[in-house]
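Scroll down for the structure; my scribbles are underneath it.
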Amino acid sequence: MPHESTSRTLIVALGVCLVCSILVSTAAVSLHGRQETNRKVEKLRNILAAGDLLTDKSNVEETFKEKVQTYIINLATGEAVPKDKYTDKLNPDAFDIKTMANDPKYGQAIPAKEDIAKIKRMPKYMPVYEVKKDGRIQKVILLVYGKGLWSTMYGLIALGKDLRTVEGFTFYEQGETPGLGGEVDNPRWKALWKGKQAYDKNGRLIIEVIKGKVDKSSPKANSEVDGLSGATLTTRGVNNLVRFWLGADGYNSFLTKLREEG
Ligand SMILES: Cc1cc2nc3c(=O)[nH]c(=O)nc-3n(C[C@H](O)[C@H](O)[C@H](O)COP(=O)(O)O)c2cc1C
């Protein structure tokens, strides 16, 4: 074979392709386990962050294990699913909102007029995260999600021991425009939620994200959150998704039950 020929070039190119593809697929397979673990830790980190349970030095998995108990609840009844009824999909480790919402057994369609979060389908069950001290609930952390302007936004809202006061709110997945709707991730905006009343004394849902700034002298000031300027559509989405999930189709049965149980 001559030193430089088309076939030699092709053989070298194919050889390089083969070596590269072996390297890439080996890396993908060998890193899969680590990526899964990282994803799992990231999920726990977000739950702890929403509940204000994380310090710089915290080991995420240990802190979660020590402070948080996870249940799966039936949204319609508000009851926790007994552990012996867990299945391969219906259990806290495997629970995936999108899979469950689309599953004919575990998910359901939402009638259009009730679908203020614009999610079309939802799981019939959801995981809930409880922080307890001496057997009494200190915080409940709940998954919430719904449409913003461009994306479905996935977040976590923490309620305090009265199950009315917001203790924390964060989004762990959203694709709104950075600087506009993406400001839902801004710590200063998220801090505005802390201390707001989600329900009144009679259990009526009162929390609302408004357009503009909250009038501090208004009687509603403690249940209203400032909207994001230049991002009214995302703001409306946040308001709708929070009100959907804290309302009758979401966690209301569960929270009412917990309040009744004292
Ligand atoms: C490129 C581009 C990206 C935008 N991204 C968002 C967004 O993520 N969220 C949002 O609510 N509005 C976004 N807007 C603005 C909306 O179209 C709309 O003007 C805005 O929500 C109105 O808010 P305002 O009433 O507070 O001004 C975007 C506009 C442009 C041109």
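Taken together, the values in this text are just the output of simple stated rules run on the coordinates, not laboratory data. Everything quoted here is computed from the prediction, not taken from an experiment. We place every Cβ from the backbone using ideal geometry, glycine too, and count neighbours over all the protein chains shown.
What's the percent breakdown of Cα-Cα distances in region 41-156 across 5 Å bins, shortest bin first? Percent of pairs per bin, in order: 2, 10, 19, 21, 20, 14, 9, 3, 1, 0.
Applying the Karplus relation 6.51 cos²θ - 1.76 cosθ + 1.60 with θ = phi - 60° to region 178-194 yields 3J(HN,Hα) values of x, x, 10, x, x, 5, 4, 8, 6, x, 5, 6, 4, 5, 5, 6, 4 Hz, where x marks Gly and Pro. Scanning the chain for DSSP H helices at least 30 Å long along the axis (C-alpha atoms) with a Kyte-Doolittle mean no lower than -0.5 picks out 6-50. Cβ crowding within 10 Å, taken as a proxy for footprinting-reagent exposure, orders 97, 157 from fewest neighbours to most as 97, 157. Set the bar at 21 Å for Cα to Cα. Now go through 67/161; 40/89; 40/194; 161/211 and name every pair that lies beyond it. Exceeds cut-off: 40/194; 161/211. For region 214-231, putting each phi into the Karplus relation 6.51 cos²θ - 1.76 cosθ + 1.60 with θ = phi - 60° gives couplings of 6, 7, 4, 8, 6, x, 8, 4, 7, 10, 10, 10, 4, x, 8, 6, x, 9 Hz, in residue order, rounded to whole numbers and with x for Gly and Pro.
Each of residue 76 and residue 31 was given a label point 7 Å from its Cα along the Cα-to-Cβ line. The distance between the two points is 4.4 nm.
Couplings 3J(HN,Hα) for region 207-213, derived from phi with the Karplus relation 6.51 cos²θ - 1.76 cosθ + 1.60 (θ = phi - 60°), are 5, 8, 9, 9, 7, x, 9 Hz, where x marks Gly and Pro. Treating r as the C-beta distance of residue 94 and residue 191 and R0 as 35 Å, the FRET efficiency rounds to 0.60.
Computed over Cα pairs, the Kirkwood radius of the chain leads via Stokes-Einstein (1.002 mPa s, 20 °C) to a diffusion coefficient of 104 µm² per second.
Counting 0.36 nm for each residue step from residue 259 to residue 233 and taking away their Cα separation leaves a gain of 6.0 nm.
Rounded to the nearest 0.05, what FRET efficiency do residue 83 and residue 57 have when you use their Cβ-Cβ distance and R0 = 35 Å?
Values: r = 32 Å, r/R0 = 0.92.
Calculated transfer efficiency: 0.65.
Sorted fewest first by neighbouring Cβ atoms within 10 angstrom, 137, 47 come out as 137, 47.
Most tightly packed first, judged by the mean number of other beta-carbon atoms within 10 Å of their residues, the peptides 114-122, 254-262 read 114-122, 254-262.
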